Amino acid sequence: MRGDDFVGSFIVKTLMGKIRRDDVILFDAEDGIEWVTSKIAGFRLRHLILLDACQMNAAPGEAALIPLAETDYPFFTTHGIPLKLLANKLLPSVDTSILAIQPGRMGLNEPLSPQVLAAANSISDLVAETLKESD
């Protein structure tokens, strides 16, 4: 709904069509990360990667994998409750990281910007190929 803020959902939706593994669980939180995090807490996870558009003062489409423990409050996403707080409270023993993608456009009803779309497609391909190779 807000341009590049959709990038996490876009990547997960793309991966849902490419990955068929019992040891990989994909959730599309869209704008309900709080609900999904509480649902995830019911699984015995070792690792969790959150995908989200994050303000990093970088070029649009630039991505960084950041351990959630290394982030600061308030965290740089658009969610009402900081992701770090959710993870610390609901998933304290899970190794949690965020794949942060710098948005370019955040206007209402805008599509993904070309830079963020290219990054999202590259990330989707890389994750799918990596998981395929590790079967």
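The values are calculated or read from the model by the stated rules, or taken from the named source; none is laboratory data. Keep in mind the model is a prediction, meaning the values are calculated, not measured. All Cβ positions, glycine included, derive from the backbone under ideal geometry; neighbour counts span all protein chains shown.
Values as computed for the structure displayed
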read-out	value
Pick from region 118-135, criterion buried (at least 16 other Cβ atoms within 10 Å of the Cβ) and among the hydrophobic types (A, V, I, L, M, F, W, C), ranking: nearest to Arg20 (Cα to Cα)	Leu131
Any hit, region 29-51, residues being more than 21 Å from Asn88 (Cα to Cα) and exposed (fewer than 13 other Cβ atoms within 10 Å of the Cβ)	no
When residues of region 52-72 are limited to those that are assigned to a loop (DSSP other than H, G, I, E, B) and touching an Asp or Glu at 6+ places or on another chain (Cβ under 9 Å), the one surrounded by the most Cβ atoms within 10 Å (Cβ to Cβ)	Gly61
Qualifying residues in region 54-84 (those that are under 13 Å from the mean Cα position of the chain (by Cα), among the aliphatic types (A, V, I, L, M) and within 14 Å of Thr96 (Cβ to Cβ)) - the one modelled with the lowest pLDDT	Leu83
Among the candidates Leu45, Leu15, residue that is out of contact with any strand residue (DSSP E or B) (no Cβ under 6 Å at 6 or more places or on another chain), at pLDDT 90 or above and aliphatic (A, V, I, L, M)	Leu15
Considering residues of region 98-117 that are surrounded by fewer than 20 Cβ atoms within 10 Å (Cβ to Cβ) and either basic (Lys, Arg) or not in a loop (DSSP other than H, G, I, E, B) (or both) only, the residue nearest to the chain's Cα centre (by Cα)	Leu99
